[in-house]
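The values are calculated or read from the model by the stated rules, or taken from the named source; none is laboratory data. Since this is a predicted model, take the numbers as computed values, not measurements. Note: ideal-geometry Cβ built from the backbone for every residue, glycine included; neighbour counts use all protein chains shown.
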Amino acid sequence: MNGATNWRGWLLGSGLAQTEEGEHRRPVGFCLFALSGWSFGLRTWIATMTALYAAFWLQLENAYSAAVCVAILALPTRGQAYEKAIYRVGGTFIGFLASLAIVGIFNGTRELFILAFAIWMAVCGYVASFLDGNRAYGAVLSGFTAAIVAFANIDTPQNAFLVGIDRCAAILVGVLAVMVVNDLFAVPDAFPDLARRLEETHLRIVEFAQKVLRTRNVESSEVGGLLEAIVAFRVEVAVLPAESIVGRSRAAAARSAIAAMMREVAAARAISALLPETGHKADALVDAVSRGLVPAVTDENRNCEVPHHTLGCYDANSPLFLAATAARVLLDQNRRALSSFDLLRMGTAVHGPVLPLFRSREAALRNALRLFVAILIASYSLSLLGWPSVSTVMLMFAAVIAISTNVPIPNKFAKDALVAILLACAVSGITEFVILDGVDSFPLLAIGLAPAVVGPGLLVASGNPKIAPVGTLMLIFTPLVFLVSNPPNYDPRIYLIAGSMNIISIIFLFITTTVLLPTNDDRKRAWLLGSLRRDFRRALDEKPLPYDVDGATFRDADREVQLNALRSPASSGDKCEQRRGLCWVELASAAWRMRLALRDLQQGPDIEKEGCLALAAADPVSLRQLAGRLLTQKRTASGGNEARRDAAAAIAWMAFLIERNPHEVVALNKGLGR
Amino acid sequence: MTHGFPELVIGGVLIAPFVTYALVALVIFVLLRRLLLVVNFEDFFSNAPAALLSVYIMVLATLIVLF
């Protein structure tokens with residue numbers, strides 16, 4: 001294969017083409033890029049020009065903000081664009097109100113003004129750290145809107161209100177332009193592709209479970225890959241309600257499918273740990289589960305159950321009982337996932353579970369502190385320099401530093417931003433002084449701007465993780481450097497000032513992300529271990545737990561994905577910490593499940609307390625006695641048979657894990673781990 | 001007879017009549033979505049988003065003409 005073919009395949013094998021047309025169809029290309037990429041670029045250009053025309057017509061002061069808004073909302077599916085638009089409007093409005101408060105209260109005192117602004121940015125960064133996707137974006141946007149409205153008018157507070165109104169109007173114009181163009185051009189919905197990928201992931205899980213039953217072994221890398229794929233769906237499902245009238249019902253069904261898949265993986269892992277302990281006694285069980293576990297509902301598997309009377313016969317503390325309980329969960333959740341897919345396709349109203357994220361409190365505090373210090377240093381150093389137009393530097397710097405706190409790798413974001421701003425300056429210069437060169441009619445402006453918008457749009461649509469982020473940033477930065485206005489100014493000084501100030505902002509970002517409170521993986525690992533210890537203790541507390549089984553399983557999986565994402569430690573001590581982390585995830589998760597099962601049993605606080613005491617003492621014998629007692633309770637005892645079996649299994653599973661890891665549970669409970 | 005447009009004033013700030021119409025139309029449209037969900041409105045159209053956009057514009061135009 002020659003280099004040209006490689007290059008062509010690199011661009012044509014685009015993520016967007018896959019998103020819109022399905023993985024199995026080879027994308028049709030034109031001039032190195034997929035046709036869907038060209039369609040995306042042209043759509044973005046039409047939306048940008050519509051927004052600019054409307055902003056000029058409304059005589060908005062900062063008409064280029066509308067073009068920037070379109071660039072930010074240039075996303076491949078309608079749902080993604082609409083959801084982001086909602087948070088963009090909401091975030092801007094909150095930021096505008098905060099700006100008015102900051103300007104009104106700290107009008108005459110510059111130092112307090114800067115301090116209040118830095119605190120507001122830190123608060124927004126802290127909140128964003130607990131959110132994901134567009135919610136997090138909305139939170140940081142509230143922060144840096146204060147830079148655009150308040151900080152830019154630090155010397156002219158009387159203008160803050162008008163600038164804020166102008167900003168809100170420009171954003172509304174941009175949002176409306178994107179919505180109208182997306183609707184009229186029938187931009188693809190996120191739903192069909194999402195539904196297809198959910199079903200594919202479910203198929204992978206069924207294959208994984210079948211493999212576990214066949215080989216009685218589990219590969220941690222395979223589990224990690226599955227968990228990562230399932231957790232990633234959470235952000236994508238959030239866009240469904242914005243996409244159509246039935247979107248809310250579809251999102252609920254999708255969440256239900258995600259929770260079911262997560263519990264299937266957990267059950268398969270438990271089975272893999274238990275089957276080696278059972279020997280050949282479990283062959284009949286394995287055979288029954290293998291027959292029932294299929295990726296589609298059939299007449300045969302609809303009634304396939306692990307017989308409940310068989311479950312009742314086992315000793316609560318035998319591995320076979322635990323394996324049979326896990327097998328029943330696996331089959332139940334498989335059926336639940338399949339019925340959720342049906343509901344998803346039909347859009348039937350259903351109550352979906354809440355899928356809580358795991359976010360480290362320490363990471364959020366560090367993000368907030370980093371934002372606070374960065375804003376203070378940048379503000380005071382720029383004030384001391386006394387340059388004209390330094391507020392331009394702060395506007396861009398506040399925006400990019402706030403966004404950098406919420407990206408997975410801040411350094412990569414800073415590098416992409418640096419490349420994008422340099423390219424944006426070059427593209428803006430060529431467009432303004434070579435292509436347009438003094439024209440003042442809107443049609444010519446639109447034609448002249450086409451390469452500057454369609455080009456980065458093609459990069460975005462390529463879906464390549466190396467160039468797509470640069471394309472997105474170029475789309476956003478180009479109008480900020482060009483500063484397109486009506487009447488147009490072709491003043492090289494304005495271009496040079498805007499370009500150089502924006503480049504300085506990105507250099508500031510680069511320095512900040514590198515030297516100011518960077519967080520290495522060892523520190524993140526230590527935070528995760530600390531959170532596991534806290535969660536284990538919460539399971540021993542008398543306070544009720546805040547999540548149900550679905551929520552707790554998803555949150556644990558999210559944390560495990562974050563732990564797996566950390567770079568493999570180099571030293572043997574750190575490798576030990578990584579292994580300990582995965583073991584603690586399992587223990588904390590089992591402790592929560594035991595506590596939730598005891599709560600669902602509804603036999604009063606005494607039994608919960610007894611379980612917690614045995615767990616706190618890391619005493620597997622007491623736990624096993626409790627499990628045995630629960631299972632042999634008469635049918636008349638409060639709590640159904642199923643709830644009693646589940647509780648007995650959860651307690652016996654906890655005892656099983658304690659026996660396997662006696663030192664770890666002591667370390668987890670008493671804080672002797674570090 | 002000339003059609004007058006109501007002007008909204010909040011704290012001394014004059015809000016353009018179109019903004020008021022657009023916001024009220026948005027509220028009506030959000031409420032109307034529940035009804036459209038019941039009648040499976042989206043199933044009648046090949047480009048449902050364009051149909052929904054048209055509904056919003058019809059509500060907006062009706063408000064402007066009537067009030």
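Quick notes on this one:
- In the range A:132-183, residue farthest from the other protein chains (Cβ to nearest Cβ) [restricted to those that are of a type in the set (D, E, K, R) and under 24 Å from residue A:402 (Cα atoms)]: A:132
- For residue B:4, the criteria (1) surrounded by fewer than 12 Cβ atoms within 10 Å (Cβ to Cβ); (2) within 14 Å of chain A (Cβ to nearest Cβ) hold in every case but one, which is (2).
- Listed by position, the helices (runs of 4 or more DSSP H) inside the range A:184-288 whose residues that are within 14 Å of chain B (Cβ to nearest Cβ) and either crowded, with 22+ Cβ neighbours inside 10 Å or of a type in the set (A, V, I, L, M, F, W, C) (or both) number at least 3 are A:240-243, A:247-278.
- Screening residue B:33 with (1) in a helix (DSSP H, G or I); (2) surrounded by fewer than 12 Cβ atoms within 10 Å (Cβ to Cβ); (3) within 14 Å of chain A (Cβ to nearest Cβ) gives one miss only, at (2).
- Enumeration of residues in the range A:63-95 that are of a type in the set (A, V, I, L, M, F, W, C), closer than 20 Å to residue A:244 by Cβ and part of a loop (DSSP other than H, G, I, E, B): A:73, A:75
- Residues located in the range B:7-20, provided they are outside any helix (DSSP H, G or I) and more than 9 Å from every other protein chain (Cβ to nearest Cβ): B:7, B:8, B:9, B:10, B:11, B:12, B:14, B:15, B:16
- Selection status of residue B:40, at positive phi and either more than 14 Å from chain A (Cβ to nearest Cβ) or at pLDDT 85 or above (or both): yes
- Exactly one residue among B:23, B:63, B:52 is more than 10 Å from chain A (Cβ to nearest Cβ), free of Cβ contacts under 8 Å to residues at least 40 places away in the same chain, surrounded by 11 or more Cβ atoms within 10 Å (Cβ to Cβ) and within 18 Å of the chain's Cα centre (by Cα), and that residue is B:23.
- Test: residue in the range A:41-62 that is part of a helix (DSSP H, G or I), of a type in the set (D, E, K, R) and either within 26 Å of the chain's Cα centre (by Cα) or crowded, with 24+ Cβ neighbours inside 10 Å (or both): no
- Scanning the range A:441-489 for residues that are assigned to a loop (DSSP other than H, G, I, E, B) and not basic (Lys, Arg) yields A:441, A:463, A:464, A:465, A:467, A:483, A:484, A:485, A:486, A:487, A:488, A:489.
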